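Working notes, structure below.
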Amino acid sequence: MGASERVAALQRARQRQARIEAATARAINAQASLARAIQAKEAAIRRCEERVAAAEARSGSEASQLARICGSAEAAAEILGWSIREVRRTMKAEREREARLGDPDVAGS
């Protein structure tokens, strides 16, 4: 192997090493990006679940309030287009939630 061949082989080896380092950096960046995307997805899911839970609580509270104002689960069910069982279940869940939260104005009514 002549000197020029050795120089050419050394240059190819350096180029290969540079390509390996660049590919390694890209792979590491891609993995970090994936980890960030997964964390963002999980955070978004938590926020959505919190909004759904809050909306469910408000819906239950309002349905229970409607039943109290109407004076019956049957009337509230008819207005809401729900089954009587669904309204009663919602009212029971709301009473339990209010009792857990210690709401003195509503828990006893």
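Name the one entry in Glu86, Glu62, Glu94 that is part of a helix (DSSP H, G or I), surrounded by fewer than 15 Cβ atoms within 10 Å (Cβ to Cβ) and without any contact (Cβ under 8 Å) to a residue 40 or more places away in the chain.
Glu62
Among the residues of region 43-59, count how many are open to solvent by less than 80 Å² (accessible area, probe 1.4 Å) and farther than 16 Å from Thr90 by Cα.
Total satisfying the criteria: 4.
Determine if region 19-39 includes at least one residue that is closer than 30 Å to Glu94 by Cα, in a helix (DSSP H, G or I) and open to solvent by 80 Å² or more (accessible area, probe 1.4 Å).
No: region 19-39 contains no residue that is closer than 30 Å to Glu94 by Cα, in a helix (DSSP H, G or I) and open to solvent by 80 Å² or more (accessible area, probe 1.4 Å).
The values are calculated or read from the model by the stated rules, or taken from the named source; none is laboratory data. Quick caveat: nothing in here was measured; it's all calculated off a predicted structure. Note that each Cβ is placed from the backbone with ideal geometry, even for glycine, and that neighbours are counted across all protein chains shown. Accessible surface areas use protein heavy atoms only, side chains included; no ligands, DNA or RNA. Shrake-Rupley method; radii C 1.70, N 1.55, O 1.52, S 1.80 Å.
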